[in-house]
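Here's the structure, in structure tokens; my notes come after.
The values are calculated or read from the model by the stated rules, or taken from the named source; none is laboratory data. All values reported here derive from a predicted model rather than from experimental measurement. Cβ: placed from backbone, ideal geometry, glycine included. Neighbour counts: every protein chain shown.
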Amino acid sequence: MALSTITARDGNNAAVTVAAQADLAGNLMPMNSLDSSKQTYRAAAAGTAVITTTGGTLATITGSATKTVRIKKIGFCLTAGTPVQCTLQLRRVSAIGTGGTVVSPTVAKLDTNSAAATAVVSHYTSVQQTQGTGVGGPLVVVGVSEILTTTISTVQIMNQYLFPDNGVPIGQAIVLRGVADILEIQNNTAIGTTPAFSYFVEWEEDAS
């Protein structure tokens with residue numbers, strides 16, 4: 001296979017060059033790819049200590065003042081010294097709650113040529129961060145069977161997904177527009193003792 005070029009017309013009838021894949025005989029071939037040139041970012045943290053009581057916020061994803069933010073994936077793992085069955089939810093809020101020590105992990109670019117990320121991902125330690133001012137109902141609610149810390153060496157640990165459901169491909173992303181458009185990962189039930197919360201968030205940013 002080789003790359004060739006063809007000339008097409010855009011909506012203003014201006015000529016544009018389009019890359020096309022061709023076989024060795026020069027015949028154009030259809031080409032499909034899961035790759036994307038969109039500016040895409042990830043933020044992640046491992047083993048963060050979270051508060052065990054009901055009704056708090058574990059992490060937030062705050063939108064941007066200059067870009068549209070499209071959330072593509074949110075995954076997590078929750079362990080505890082005395083595990084319980086708990087419930088987490090993903091909810092849009094217009095303002096974050098209060099309390100807690102804010103920790104914002106360093107953002108990683110999927111392409112180093114991308115501009116600096118403008119969305120902010122944070123989690124909270126020391127004391128509980130309260131839940132923010134909700135906008136609409138929960139986007140996702142999941143039941144979580146925490147993993148017992150002392151049995152980690154004998155069980156297979158896999159990320160669970162808050163979004164998309166079960167990690168399957170999605171249609172529309174969760175879109176955040178502006179710094180007052182925020183997602184919170186909230187715990188609606190008590191979490192087991194000495195918990196550790198690991199998570200990652202993947203998102204795109206554009207000028208739409």
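Residue count for the stretch 164-180 under the criterion of being within 12 Å of residue 71 (Cα to Cα) and outside any strand (DSSP E or B): the result is 5. For residue 126, the conditions (1) of a type in the set (Gly, Ala, Ser); (2) modelled with pLDDT of 95 or more; (3) in contact with a strand residue (DSSP E or B) (Cβ under 7 Å, 6 or more places away or on another chain) all hold with the exception of (2).
For the stretch 38-76, a residue qualifies if it is surrounded by fewer than 19 Cβ atoms within 10 Å (Cβ to Cβ) and in a loop (DSSP other than H, G, I, E, B), and the qualifying residues are 38, 49, 52, 53, 54, 55, 64, 65, 66.
Comparison of 52, 57 shows that the only residue that is under 15 Å from residue 197 (Cα atoms), in contact (Cβ under 8 Å) with a residue 24 or more places away in the chain and either touching a Pro at 6+ places or on another chain (Cβ under 8 Å) or not assigned by TED's automatic domain parsing to the domain that holds residue 103 (or both) is 52. Taking (1) modelled with pLDDT of 75 or more; (2) outside the structural domain of residue 139 (by TED's automatic domain parsing) in turn, residue 25 satisfies each apart from (1). Residues of the stretch 186-208 that are surrounded by 15 or more Cβ atoms within 10 Å (Cβ to Cβ) and under 26 Å from residue 111 (Cβ atoms): 198, 199, 200, 201, 202, 203, 204, 205. Among residues of the stretch 119-139 being outside any strand (DSSP E or B) and surrounded by fewer than 17 Cβ atoms within 10 Å (Cβ to Cβ), the one that is nearest to the chain's Cα centre (by Cα) is 139.
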